[in-house]
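Everything below concerns the one structure shown next.
The values are calculated or read from the model by the stated rules, or taken from the named source; none is laboratory data. Computed from a predicted structure; not experimentally measured. Ideal geometry is used to build each Cβ from the backbone, glycine not excepted, and the neighbour counts take in all protein chains shown. For accessibility, only protein heavy atoms count, side chains too; no ligands or nucleic acids. Shrake-Rupley method; radii C 1.70, N 1.55, O 1.52, S 1.80 Å.
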Amino acid sequence: MPNQHNPWLDIPAADYEAHMSADAVGQQQALNGIFRDCYGRLQPKRLLVLGCATGNGFEHIDPRVTAHVAAVDINPHYLVDVTMRFARTLSGLEISCRDLADDGLPDGVFDQVHCALIFEYLDPAPLLAGIAAQLAPAGTVTAVLQVPGDHANVSPTEYASLRRLEPVMRLVAPAEFLEMVHTAGLRCVKHAEHELPNGKRFAELWLEHV
Ligand SMILES: C[S@@+](CC[C@H](N)C(=O)[O-])C[C@H]1O[C@@H](n2cnc3c(N)ncnc32)[C@H](O)[C@@H]1O
């Protein structure tokens, strides 16, 4: 069962989406484009999305290509939105409400594991080990990290509920992350950076088995 003290449980979906897509933030749009491009290149038969929130980018998933989409988040309300938006078009959608810190990953082997802005809220090393164990031999992890910099970790907007994340958010520098990637038996095969409207940067990392 999800940990009741996780501040993500106290952030309404409407606040989350309005904050992430605000013009000055632009994270929803940037993450949507990254997912579209990764998914389009990889064309996975079995896809796992960790920290899927309300399903940003799921409109790019082609059910003729992807038979199984496992979507994980700790917030059950976000997952209701994912179900309402995509269950009809994505016949292989499996929604899983769980705390990735305690409950592990859903069963299965996956060709793509997409993890965008989730390592900031969990200990990355055990999560990477779990992902590696369920990644298909030729599979790819597509990860997005918020690069540490001079900006506030949580961009200021009028949506005050998002500030609850400040005490629990820990940015991981890509170099530190890549050491953990190596320990998990994975290697980085692509590293790109994306600049957001407010100057924040996202690192997009593609990982494969060594
Ligand atoms: C910044 S949002 C992710 C953005 C999304 N991946 C995208 O591409 O638009 C982080 C998500 O991770 C979820 N999350 C945070 N901690 C979690 C945990 N311990 N287990 C499962 N989900 C978690 C939050 O509820 C939230 O939906």
_For a quick check of your reading of the filter: which GluC sites (Glu not before Pro) in region 130-197 sit in a DSSP loop and have no more than 15 other Cβ atoms within 10 Å?_
Glu158
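Sort out the exposed loop trypsin sites (Lys or Arg not before Pro) in the chain (DSSP loop, at most 12 other Cβ within 10 Å) and tell me the longest stretch that has none.
Numbers: sites that count: Arg64, Arg88.
It runs 89-210.
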*Distance in nm between pseudo-label sites at Ala18 and Glu176 (7 Å out along the Cβ direction from Cα)*: 3.3
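To the nearest 500 deg cm²/dmol, what mean residue ellipticity at 222 nm is calculated for the chain from DSSP H runs of n ≥ 4 alone, each contributing -39,500 (n - 2.57), summed and divided by the residues? Can you show the working numbers first?
Working: 5 runs with 57 residues, N = 210.
Calculated from helices alone, the mean residue ellipticity at 222 nm is -8500 deg cm²/dmol.
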*asked:* Can you compute the charge dipole magnitude of region 7-209 about its Cα centre, using +1 on each Lys and Arg Cβ and -1 on each Asp and Glu Cβ, nothing else charged? Give it in debye, rounded to the nearest 20.
replied: 540
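Please report the carbon-and-sulfur percent of the accessible area for the chain; probe 1.4 Å, protein heavy atoms only, DNA, RNA and ligands left out. Provide the component values of the computation, followed by the final result.
Numbers: 4980 of 9630 Å².
Its accessible area is 52 percent carbon and sulfur atoms.
Could you tell me the relative contact order of the chain? Use alpha-carbon pairs under 8 Å, at least six residues apart, and round to a whole percent.
Relative contact order here is 22 percent.
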*In whole Hz, what ³J(HN,Hα) sequence does region 187-204 give by Karplus (6.51, -1.76, 1.60; θ = phi - 60°), x for Gly and Pro?*
9, 8, 10, 7, 9, 10, 10, 10, 9, 9, x, 8, x, 4, 10, 10, 9, 9
*asked:* Please report the antiparallel percentage of the DSSP beta bridges confined to the chain, to the nearest 5.
replied: 45
*asked:* Can you give me the C-alpha center-to-center distance between region 9-48 and region 123-181, rounded to a whole angstrom?
replied: 14
